[in-house]
Amino acid sequence: MKIGQIFKEFRTAKHITLKEASTGIVSVPFLSRFERGLTDISFTHLLELLNRINVQLAEFEFLYQKRNADNNDLLPRFQSAYQNGDIQQLQQYLADWQNKPGKFARLQVIQLKMMLTTLGAAQMDSAELLILEEYFQSITSWTFFELYLFGHAIPFLEQRFMLTLFAELQKKELIYDHFRNDSFSMLFYLYNNVILFLLSHKELHQAQLLLGDLESYFEQRGKDYYHKARIFNLKGLLLYLQGHKQTGLQLIKKANMLAYLTEQEPSFLKNEKHYLENYLNEAELLSVFDFSQLKEF
């Protein structure tokens, strides 16, 4: 749905006429054309119209996102395919974007290639990584596109450069705190990826500090079992790598059991197992993914 249609939905629900909404702001014919998607409108006039019908910009944005989630919000669709390990769908997205011109399309191609590379179905080259670094250095105002792009780029960037970028984003955390209804998951996603990167490079002290920050942030927001399971898993892996193997394995199993009992998507546990294979031996993997006792109930 176009923004004019969303505005009309609010206006008519409040039984406000075109004339009542438009007087002193735009003409009645112009507002009618805007609501039918036949013309664009300036942001200033849109704000004035929203104020006239007593609708907050955040409410307007929320309904727009809800109405257009399946069609226009590309990032969650990419992310969903990635989390489900749907290589074929990601390859289709990649083929589509490779045929589009412009800088933004090039960045989308790189983002999709990073997802496919992580899943073992593509390979990044040095020229693409250089484009990424130059782009990140040029950004003065980060939006959700850049946050998603950075989240996928974490394993591919030089460590010092990546950590410097992340430190800058941490300073801006409050900017994104209520930016979108999925802002918590976005921030969680970035923390999760950076912590996993640090663990893979045996930077255990720094990983522990960031995990503490993430737990503190999480405790202030009663989020769902998915996030709880991820925190248990990160803590368990950290303990395991610090030499507290038995305690770490128990916490990892607790995370997996929580995911199993709350019926997370099958891809969730599959992805957990995929990255844990880099650290745990075969017997340990069998142990932390053994749900036989739970199946009896």
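No value in this document is a laboratory result; all are computed from the given coordinates. Since this is a predicted model, take the numbers as computed values, not measurements. Note: ideal-geometry Cβ built from the backbone for every residue, glycine included; neighbour counts use all protein chains shown.
In percent, rounded to a whole number, the relative contact order of the chain is 10, using alpha-carbon pairs under 8 Å and six or more apart.
Quick one: net charge of Q242's neighbours, Cβ under 15 Å, K/R +1, D/E -1?
Result for the neighbourhood of Q242: +2.
Dividing the helix sum by the residues of the chain, where each DSSP H run of 4 or more adds -39500 (n - 2.57), gives a mean residue ellipticity at 222 nm of -22000 deg cm²/dmol. Listed from fewest to most Cβ neighbours within 10 Å, the set Y135, Y82 follows the order Y135, Y82. Of N84, N54, N192, the residue with the greatest mean-square motion in the GNM of the chain, using alpha carbon springs below 10 Å, is N54. Computed on the Cα trace of region 3-68, the radius of gyration divided by the Kirkwood hydrodynamic radius gives Rg/Rh = 0.91.
Each Lys or Arg adds one and each Asp or Glu subtracts one; over the other residues with Cβ under 14 Å from the Cβ of A127, this totals -2.
Pop the C-beta distance of F62 and H201 into the FRET formula with R0 = 41 Å and round what comes out to the nearest 0.05. Between F62 and H201 the formula returns 0.55.
Once the C-beta distance of L286 and K14 is scaled by a Förster radius of 51 Å, the resulting FRET efficiency is 0.30 to the nearest 0.05. Once the C-beta distance of L47 and T140 is scaled by a Förster radius of 22 Å, the resulting FRET efficiency is 0.40 to the nearest 0.05. Could you tally the net charge around Q98, taking each other residue with its Cβ under 15 Å from the Cβ of Q98, Lys/Arg +1 and Asp/Glu -1? That works out to +1. The relative contact order of region 45-173, computed from alpha carbon pairs under 8 Å that lie at least 6 residues apart in sequence, is 16 percent.
Placing +1 on each Lys and Arg Cβ and -1 on each Asp and Glu Cβ, with no other charges, gives the chain a dipole about its Cα centre of roughly 680 debye.
Toward the positive end of the charge dipole of region 3-68, with +1 on the Cβ of Lys and Arg and -1 on the Cβ of Asp and Glu, the farthest Cα among G24, L46, Q5 is that of Q5. With loop membership from DSSP and a limit of 12 other Cβ atoms within 10 Å, the longest segment of the chain without GluC sites (Glu not before Pro) is 1-157.
Straight-line cross-link partners of K202 among the aspartates and glutamates, defined as a Cα under 17 Å from its Cα and at least 8 positions apart when in the same chain: E158, E277. Spin-label pair K171-E133: with each label point 7 Å from Cα along the Cα-Cβ axis, the two points sit 2.1 nm from one another. For the pairs K100/K273; K14/K103; K8/K113; K19/K66; K8/K103, flag any whose C-alpha to C-alpha distance is greater than 31 Å. Cα-Cα > 31 Å for K100/K273; K14/K103; K8/K113; K8/K103; rest within.
If you average the sequence gap of Cα pairs under 8 Å that are 6 or more apart and divide by the length of region 3-68, what percent do you get for the contact order? Relative contact order for region 3-68 comes out at 41 percent. Against the set [x] 61, 47, 32; [y] 65, 44, 38; [z] 72, 50, 37, the structure's computed Cα extents along the principal axes in Å falls on [z].
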